[in-house]
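**Student:** My questions all concern the structure below.
The values are calculated or read from the model by the stated rules, or taken from the named source; none is laboratory data. On a predicted model such as this, the values are computed, not experimentally measured, just so you know. Methodologically, a virtual Cβ is constructed for each residue, glycine included, from the backbone with ideal geometry; neighbour enumeration extends over all protein chains shown.
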Amino acid sequence: MMEFFIQGVLHPLLMPAHLLLLLALGLLVGQQGVGALKPLCAVLLLSVLLACVSTLHWRLRLDLEVALLVCAMVTGVLAVLRLELPRWPLILLGILAGVLVGLDSAAPRIPGLRGHKIHMLLAGTVLSSTLIMLICALLALMLRHLLEGIVIRVLGAWIAAGAILVLALYLLRDRLA
Amino acid sequence: MMKIYRLFCGLALSGLLCIGTASAGGVHYTISASTHFYTDQAGQLAGMHMNWVYDPEVSAFILDGRDTSAAGLAQVAEDILADLDELNYFTALSIAGAPVSLSQVSEYSIKLTDQQGLQLGFQLPLAQAVAVDGKTFELVLSDPDATADINYNGVERLRLAESLAEQCAAPTLQGRSVAAAEHELTVQTVTIACE
């Protein structure tokens, strides 16, 4: 049973688009200050959880990779711009990120698999997604005044550039193959 | 100097991301299949006897926490077949290009191989027996979620009932690569042409 939980924990770490989006969101939330941290954590946790649970009942046969990467890029750019954002766009961004990560983490449908194995896998994904964002946000919170916030802006630029690179590779994969 | 550093960092990041993309993936497993096409007394195609051997890793997943006695395995088989029923048994059969409906499985067997892989045998009847003379029929086994990679290891894994073997050419097997969300898998098409 623990194997399934660990596999779920590793899932966002092994998916570049998920990782970029969660890191970008963490940077942006940390940059906004401690007041944004609590609601965003709760919103992300809930939205990933609900999206993951929804995949148990119905599943979208959509490729969400592009949406995840575009969302990561926009979030990274917002961190670069270092705007003081009102709470609601941040919350909307948190919901969008959580839903995208959750829907793209659909549990594998293996005929005959019973018990709570799939639930453990999804629980691992929900926990790890929230923790990645939280740890990144806490680090960003500590670094947000360092060199007048330039460190976070540089990291945000790297994430946006990384998202654009992966997006370009993803969209050109057929031509490159 | 700064430009070289940036270029290096950019290349390292994109390299890491490419490796990540290539190695990323959820749960995937393989099923090694063999099929026997059987007929009714009139010599019409009546169904297929499938024999699927699951890889040991996914077998361990399925059996984790389950009773592996004969009765326990029978329950596992029932669970697998109940789920497979919703997924049309991963099976698409067409005769002369027209899809053929399948019936529910009622006969099955299950055991563990020496490599601890689940071996599931089941009889998959057609909803209605079909005459195949002068027609070509095709069978494709594939998982719509691309989690399972179902493959025949060779044409020797396909057998025809005696009456079919007399009027049909030997089965041919063609594989095509399908890019799934996170990986690539091979979907095979079995083609049998009958006179």
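**Student:** Could you tell me whether any residue of segment B:46-63 is closer than 22 Å to B:GLY134 by Cβ and either more than 17 Å from the chain's Cα centre (by Cα) or free of Cβ contacts under 8 Å to residues at least 60 places away in the same chain (or both)?
**Tutor:** yes
**Student:** Of the numbered conditions (1) touching a residue at least 60 places away in the same chain (Cβ under 8 Å); (2) at negative phi; (3) surrounded by fewer than 19 Cβ atoms within 10 Å (Cβ to Cβ), B:GLY43 fails exactly one; give the number of that condition.
**Tutor:** Status for B:GLY43: all satisfied but (2).
**Student:** How many residues does segment A:13-42 hold that are surrounded by fewer than 20 Cβ atoms within 10 Å (Cβ to Cβ) and either at pLDDT 95 or above or away from chain B (no Cβ under 14 Å) (or both)?
**Tutor:** Qualifying residue count for the region: 8.
**Student:** Can you list the helices (runs of 4 or more DSSP H) found entirely within segment A:82-177 that contain at least 1 residues being within 30 Å of B:GLY65 (Cβ to Cβ) and either touching a Ser or Thr at 6+ places or on another chain (Cβ under 9 Å) or among the small types (Gly, Ala, Ser) (or both)?
**Tutor:** Ranges flagged: A:87-103, A:117-143.
**Student:** Please go through segment B:74-110 and pick out each residue that is farther than 20 Å from B:PRO144 by Cβ, within 11 Å of chain A (Cβ to nearest Cβ) and surrounded by fewer than 19 Cβ atoms within 10 Å (Cβ to Cβ).
**Tutor:** Those that are farther than 20 Å from B:PRO144 by Cβ, within 11 Å of chain A (Cβ to nearest Cβ) and surrounded by fewer than 19 Cβ atoms within 10 Å (Cβ to Cβ): B:GLN75, B:GLU78.
**Student:** Show me the strands (runs of 3 or more DSSP E) entirely contained within segment B:72-184 in which 1 or more residues are among the basic types (Lys, Arg) and farther than 16 Å from A:GLY112 by Cβ.
**Tutor:** B:158-160, B:172-179
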